[in-house]
1. Count, please, the residues in region 49-94 that happen to be outside any strand (DSSP E or B) and in contact with a His (Cβ under 6 Å, 6 or more places away or on another chain).
2. Of the conditions (1) closer than 25 Å to residue 137 by Cα; (2) in a loop (DSSP other than H, G, I, E, B); (3) open to solvent by 50 Å² or more (accessible area, probe 1.4 Å), residue 97 fails just one. Which one is it?
3. Determine whether region 13-28 contains at least one residue that is closer than 20 Å to residue 162 by Cα, in a loop (DSSP other than H, G, I, E, B) and among the basic types (Lys, Arg).
4. What about residue 1, is it among the acidic types (Asp, Glu) and modelled with pLDDT under 95?
5. Report every pair of residues separated by at least 6 positions or lying on different chains whose Cβ atoms are under 6 Å apart, first residue within region 34-48 and closer than 16 Å to residue 61 by Cβ and outside any strand (DSSP E or B), second open to solvent by 60 Å² or more (accessible area, probe 1.4 Å) and at pLDDT 95 or above.
6. Hey, residue 69 hits all of (1) hydroxyl-bearing (Ser, Thr, Tyr); (2) modelled with pLDDT of 95 or more; (3) surrounded by fewer than 17 Cβ atoms within 10 Å (Cβ to Cβ) but one; which does it fall short on?
7. Out of the residues in region 103-119 meeting the condition of being assigned to a strand (DSSP E or B) and at pLDDT 95 or above, tell me which one is most open to solvent (accessible area, probe 1.4 Å).
8. Answer with yes or no whether residue 13 is of a type in the set (Asp, Glu) and open to solvent by 20 Å² or more (accessible area, probe 1.4 Å).
Amino acid sequence: DFLALPAGTNFGEVAGIALNSKGHIFVFNRGAKPLMEFDGSGKFVRTLGDGLFKSAHGLRIDSKDNIWTVDVGSHLVLKLSPEGRVLMVLGKINWAGEFSEPRYGLPLFNEPTDVAFNSSGDIFVSDGYKNSRVMKFDKNGKFIKSWGKKGAAQSEFNLPHAIAIDAKNLVYVGDRENKRIQIFDAEGNFIKEWTHIGYPYGIT
């Protein structure tokens, strides 16, 4: 009972959790109030983005306390300000695809799973359940490149379920159903892999 939920409120399945620079705890779940904030003592602060989410999956908070949500149901990655305002939308709502929807020319996701950032602010999305790839965007959301496809060879994925980037800008991809973590440089060049680790659902 550390997190003090408001009366009559419950979590659904919790898919993501992240902390901001103040130590506040953000919980992304599949209940009626998908995104909730608590202070460091577990006291409820607020809900954010009510009505924006379909099926919670990934949650990250960047160095400026912006909140990034990955919605596997609506095929969207959203960047929210610390106040909860939508600042960026990657993908097209409820529109799954392999790359581009012709009318708007938007890069599309198909059940994305996680998001990460490097020191330049580039954005990396594990586009996970159906497309089996990594998508890279610049800090303004402009598409740069993608890599990967369904398979078990190097640089292939069988459900890239989590992604994280270290201080050297190496990209770690949790290749869940292949039971490994693949490591790439920022351009998507394969470096090495870690195996015999079970199923990597998340990476920090």
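1. As a first pass, look at region 49-94 and keep what is outside any strand (DSSP E or B): 49-55, 62-66, 72-75, 81-85, 91-94.
Then drop every residue that is not in contact with a His (Cβ under 6 Å, 6 or more places away or on another chain), which leaves 72, 91.
Within region 49-94, residues that are outside any strand (DSSP E or B) and in contact with a His (Cβ under 6 Å, 6 or more places away or on another chain) number 2.
2. Condition not satisfied by residue 97: (3).
3. No, that holds for no residue.
4. On the way: among the acidic types (Asp, Glu): yes; modelled with pLDDT under 95: yes.
The answer is yes for residue 1.
5. Cβ pairs passing all conditions: 39/45.
6. (3)
7. First, the residues of region 103-119 that are assigned to a strand (DSSP E or B): 106-107, 112-117.
This time we only want the ones that are at pLDDT 95 or above, so: 112-117.
Working: 112: 0, 113: 2, 114: 10, 115: 0, 116: 7, 117: 52 Å².
Filtering first and then ranking leaves 117.
8. Numbers: of a type in the set (Asp, Glu): yes; open to solvent by 20 Å² or more (accessible area, probe 1.4 Å): yes.
So residue 13 fits the description; yes.
The values are calculated or read from the model by the stated rules, or taken from the named source; none is laboratory data. The structure displayed is predicted, hence computed values, not measured ones. We place every Cβ from the backbone using ideal geometry, glycine too, and count neighbours over all the protein chains shown. Areas reflect the complete protein model, heavy atoms only, side chains present, ligands, DNA and RNA absent. Shrake-Rupley method; radii C 1.70, N 1.55, O 1.52, S 1.80 Å.
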